[in-house]
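The structure under discussion appears below in the form of structure tokens.
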Amino acid sequence: MPYMLLKSLVPCLLLLLTACSAGPGTTVVMREDIDGNPGFLSRAETLPGSARFECLASASGQCHYAVFAGACGPLAQAVAGSWFACEETAAPTLRFDLAVGEQREVDGLPLDFRHCVRERPGAITASCLQPLPATVATREALAGPTG
């Protein structure tokens, strides 16, 4: 019986933890270079419940986005762990495409969400959420030269 009570309280705890975080947002950059030039470049500035997605470069001319929430969200994975497994075959909560140079502001996202982006069209499942090697950059470095 305590297990069922605890399991029913976890989503409430996740909601409270997310709603109370007043920290700054996160900028996520996906970049694939071809011969030293960006063959694919996407930037997303995320906050709890909203995000701005930008397709900056893509050899195909488009960036394909998928947003995941619920058991695939970062808080659910960190706090609940194996109780709420994110199935690799889980479908996204939201899916959309942007042409190079376009950006999209999305409000009303679940408080606890993650996203994937790729160059090629097709089905995107939660298997894309597997950790990838990343390079950390500052906002200034991402913005490029000014002046």
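Structural remarks
- Just one of the listed residues (P131, P121, P145) is closer than 18 Å to S42 by Cβ and modelled with pLDDT under 70, and it is P131.
The rows are residues; the columns are (1) surrounded by fewer than 16 Cβ atoms within 10 Å (Cβ to Cβ); (2) touching a strand residue (DSSP E or B) at 6+ places or on another chain (Cβ under 8 Å); (3) at pLDDT below 90; (4) outside any strand (DSSP E or B).
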residue: F53; (1), (2), (3), (4): no, yes, no, no
residue: H64; (1), (2), (3), (4): no, yes, no, no
residue: L75; (1), (2), (3), (4): no, no, yes, yes
residue: W83; (1), (2), (3), (4): yes, no, yes, yes
residue: T89; (1), (2), (3), (4): yes, no, yes, yes
residue: D97; (1), (2), (3), (4): yes, yes, no, no
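- Residues located in segment 119-128, provided they are over 19 Å from E87 (Cα atoms) and either buried (at least 18 other Cβ atoms within 10 Å of the Cβ) or under 13 Å from the mean Cα position of the chain (by Cα) (or both): E119
- All of (1) modelled with pLDDT under 90; (2) surrounded by 17 or more Cβ atoms within 10 Å (Cβ to Cβ); (3) in contact with a strand residue (DSSP E or B) (Cβ under 6 Å, 6 or more places away or on another chain) hold for C116 with one exception: (1).
- Against the numbered list (1) in a helix (DSSP H, G or I); (2) at pLDDT below 65, P24 comes up short only at (1).
The values are calculated or read from the model by the stated rules, or taken from the named source; none is laboratory data. Being a predicted model, the structure only gives us computed values, none of them experimental. Because the Cβ atoms are built from the backbone with ideal geometry, glycine has one as well, and the counts that use them run over all protein chains shown.
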